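Asker: Submitted below is the structure of interest, expressed as structure tokens.
Please treat every number below as a calculation from the coordinates, not as lab data. Here the structure is a predicted model, which means the values were calculated and not measured. So basically every Cβ, Gly included, is an ideal-geometry build from the backbone, and we count neighbours across all protein chains shown.
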Amino acid sequence: MPGFKASPTSVNPHTAPFGRVISPARVRSVKVTGLMKTNGGAPPSGARTLIAYGTRYGATEGTSQEIARILREEGHEVKVANLKQEKVEDLSGYNLIVVGSGIPMGTWAAEADDFLRRHREELNRKKLALFVSTMKTMAEREGKTEQVASTRKKALDDKAAQHGLRPIALGLFGGVIDFNRMGLMTRMAMGLARPALEKDGFKETPPGVYDLRDWDEIRSWARELTKTARQA
């Protein structure tokens, strides 16, 4: 999953740290510090959520399904849509919309980007969360914090700004590197990554596939999202 060679850029002060939710009140403030405090309580009756995603190697699909599982535990009615297979047009029945994408070659999947573009006006009338699947776990293990911050800014902060969106939560997660599904040119470009993955402690499961996702991080983000949506 290429796309990690952007130049170091400072993190947008209007967004929360990696994989964290954003308090609407803090989005309006100049400085953000840590996680928002929440009052707990059950989700409102009839809370309906759409999770729409674009994926290349399956990471974002699996992440979307796990976020859906957690939201259902929290009382949400959830629909999960693969935007390459299903063109979602009617958003009127949803209170919360989560849009996710892999970022092969550093860019959003075309179908997920198109969804944001087509629905941006309505998305700004909804509670919206964005997340991406990246190689950030590998970069973190190598201590490349500026690279992680740069990827977060480009993939999340800048993407929201591009479409004029005001999400209540942003998630930067690890993805899946699947050499078996890559084209020849991509596999050649990623050739140097394979020994680095092994050096960083990632194992092939199955052969040719490296899963960089931190499931505890993803689940924690989903639970915090329900609290943020409750107060938004």
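Asker: In whole Å, largest first, what are the principal axis extents of the Cα atoms in the range 98-232?
Answerer: Here the spans come out as 46, 30, 28 Å, largest first.
Asker: Follow-up question, since we're still on this one. Cα atoms only: what Rg and Dmax, in Å, come out for the range 156-230?
Answerer: Expressed in Å, the Cα Rg and Dmax of the range 156-230 come to 16.5, 46.
Asker: In percent, what relative contact order does the range 145-215 have, based on Cα pairs under 8 Å that are 6 or more apart in sequence?
Answerer: Working: 41 pairs, mean separation 24.8, N = 71.
Result for the range 145-215 is 35 percent.
Asker: Given a Förster distance of 41 Å, report the FRET efficiency between ARG120 and MET185 from their Cβ-Cβ distance, rounded to the nearest 0.05. It would help to have the intermediate numbers written out before the result.
Answerer: Values: r = 33 Å, r/R0 = 0.80.
In this case the efficiency is close to 0.80.
Asker: Given charges of +1 on the Cβ of Lys and Arg and -1 on the Cβ of Asp and Glu, with all other atoms neutral, how large is the dipole of the range 135-232 about its Cα centre, in debye to the nearest 20?
Answerer: Values: 18 positive and 14 negative charges, 65 e Å.
So the magnitude is around 320 debye.
Asker: Also, I was wondering about something else. Straight distance only, please: which aspartates and glutamates reach the Cα of LYS199 with their own Cα at less than 16 Å, same-chain residues fewer than 8 apart left out?
Answerer: Partners found: GLU140, GLU142, ASP211.
Asker: In debye, nearest 20: dipole of the range 105-179 around its Cα centre with unit charges on the Cβ of K, R (+) and D, E (-)?
Answerer: Working: 14 positive and 11 negative charges, 67 e Å.
That gives a dipole near 320 debye.
Asker: For MET105 and GLN231, what is the calculated FRET efficiency with R₀ set at 41 Å and r taken between the beta-carbons, to the nearest 0.05?
Answerer: Numbers: r = 37 Å, r/R0 = 0.89.
For R0 = 41 Å, the calculated efficiency reads 0.65.
Asker: Sort LYS159, LYS87 so that the residue with the fewest other Cβ atoms within 10 Å of its own Cβ comes first and the one with the most comes last.
Answerer: Working: LYS159 23, LYS87 11.
Listing LYS159, LYS87 from fewest to most nearby Cβ atoms yields LYS87, LYS159.
Asker: While we're here: Using only the alpha carbons, work out the radius of gyration and Dmax of the range 40-119 in angstrom.
Answerer: 13.0, 41
Asker: Using mean Cβ contacts within 10 Å as the protection proxy, how do 91-98, 145-152 order, highest first?
Answerer: 145-152, 91-98
Asker: How much FRET efficiency would the formula 1/(1 + (r/R0)^6) give for ASP90 and ASP158, where r is the Cβ-Cβ distance and R0 is 30 Å, rounded to 0.05?
Answerer: It comes out at approximately 0.60.
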